[in-house]
Amino acid sequence: MRKRQIIIDCDPGLDDAVALLTAFAASDMMDVAGITTAAGNVRAELTLRNARIIRELAGRGREVPVCAGAPGPLLRDPVTAEDFHGTTGLGNVVFPKPRVRASRAHGVNYLVRTLRAARGQPMTLVVTGPMTNLALALAMAPDIVSGLDEIVVMGGADVEGGNITPYAEFNVFADPHAAAAVFRCGVPMRVLSLDVTHQLLTSDEQVGRIRALGSTQAVAAADLLAASNRLEENEKGRHAPLHDPSTIIALLRPDLFEGRKAEVKVITEEGEEFGRTIPDYREDGHVLWYTQADADGVFSEMLGQIARYGE
Ligand code: RIB
Ligand code: CA
């Protein structure tokens, strides 16, 4: 059976970094064909650098292109999330300087070129940051929808409320206009919103189990998760949710999640609800809005994938 071909569009970001490590580990189930980066948790130059760091940590520096995408949101003023990711975007975790350069291709051009070439064998796009790159690619080349079998997004919130404002989740808040364009594009979507990621809080004991795996990559994943827990505790007084890794686990183990079909509206008018997502739950919706997750199962799957480093 053909392995799922995925592109990860991200804003590393502590949890993006763990999602990338998990995806690279699951190489029997999915091929990471490429990475595109967006401004989000930290400035675009840093999300690009961080994606290069994790690519090399996973030993994939020579095979997987990393392409810098949009330097900022479509219309709104840029926002970042250093409080939750630190000034570098990878917390206080120190990594060797990345050696392999980023691709010269712009991330949006990479998406257009790659998805046009994927007609007939469509790819999966995982978006774990603001949706700016995909929105721009869709505007430039609406025909790329033929090269996508589905879009899996970490973003949005309904019953949980927001994490950056009372209504808005960060990825959508950072570029609501882009998110609105993506939710309208018609490609089947699965959404890991705060409604489900807030069920996936990582305990320090679980971080210890990842560290005990002992490989360089597992220890780094533990360091990233521990840094995330410390920053989240400072800001929210709780452990950090497995936001972005949940997208990869949903691809590997959809049986661990439950959801409802919906169409999703994004509030793009300035005001207190700017960036709010409003799912209209309906059987004929093209979006699967996840509402439940088996938290132990999600952690075990992530642990099992990360355990494959050093095998
Ligand atoms: O709201 C959580 C999301 O915002 C995650 O993707 C995190 O990395 C930040 O980008
Ligand atoms: Ca992210």
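Collect the residues in the range 22-59 that are farther than 24 Å from Pro71 by Cα and touching a helix residue (DSSP H, G or I) at 6+ places or on another chain (Cβ under 9 Å), keeping them in residue-number order.
Once the filter is applied, which keeps residues that are farther than 24 Å from Pro71 by Cα and touching a helix residue (DSSP H, G or I) at 6+ places or on another chain (Cβ under 9 Å), the range 22-59 yields Thr22, Ala23, Phe24, Ala25, Ala26, Met29, Met30, Leu57, Ala58, Gly59.
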Thr114 passes all but one of the listed conditions (1) under 26 Å from Asp284 (Cα atoms); (2) surrounded by fewer than 24 Cβ atoms within 10 Å (Cβ to Cβ); the exception is number (1)
Give the number of residues within the range 41-51 that are surrounded by fewer than 22 Cβ atoms within 10 Å (Cβ to Cβ) and in contact (Cβ under 8 Å) with a residue 24 or more places away in the chain. 2
Given the condition in a loop (DSSP other than H, G, I, E, B), in contact with a helix residue (DSSP H, G or I) (Cβ under 8 Å, 6 or more places away or on another chain), under 21 Å from Asn163 (Cβ atoms) and touching a residue at least 40 places away in the same chain (Cβ under 8 Å), answer yes or no: does some residue in the range 209-228 qualify? no
Scanning the range 229-238 residue by residue, those part of a helix (DSSP H, G or I), touching a helix residue (DSSP H, G or I) at 6+ places or on another chain (Cβ under 9 Å) and among the charged types (D, E, K, R) turn out to be Glu232, Glu235, Lys236
Kindly check whether there is at least one residue in the range 207-222 that is at pLDDT 95 or above and either among the acidic types (Asp, Glu) or within 24 Å of Pro73 (Cα to Cα) (or both). no
It is to be established whether one or more residues within the range 56-68 are within 16 Å of ligand 1 (Cβ to nearest atom) and either farther than 22 Å from Thr124 by Cα or surrounded by 24 or more Cβ atoms within 10 Å (Cβ to Cβ) (or both). no
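Which one is farthest from ligand 2 (Cβ to nearest atom) among residues in the range 169-208 that are among the β-branched types (Val, Ile, Thr) and assigned to a helix (DSSP H, G or I)?
Result: Val207.
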What's the number of the condition Ile278 fails, among (1) surrounded by fewer than 17 Cβ atoms within 10 Å (Cβ to Cβ); (2) in a loop (DSSP other than H, G, I, E, B); (3) of a type in the set (A, V, I, L, M, F, W, C)? (2)
All-but-one check, Glu160 against (1) in a helix (DSSP H, G or I); (2) more than 16 Å from ligand 2 (Cβ to nearest atom), failing number (1)
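Using the structure shown, decide if Arg253 is surrounded by fewer than 16 Cβ atoms within 10 Å (Cβ to Cβ), closer than 28 Å to Lys3 by Cα and out of contact with any Ser or Thr (no Cβ under 8 Å at 6 or more places or on another chain).
So Arg253 fails the test.
For the subset of the range 73-127 comprising residues that are part of a helix (DSSP H, G or I) and of a type in the set (A, V, I, L, M, F, W, C), which member is farthest from Val152 (Cα to Cα)?
Phe84
The values are calculated or read from the model by the stated rules, or taken from the named source; none is laboratory data. Predicted model only: the values in this text are computed from it and were never measured. Cβ atoms come from the backbone with ideal geometry, glycine included; neighbour counts cover every protein chain shown.
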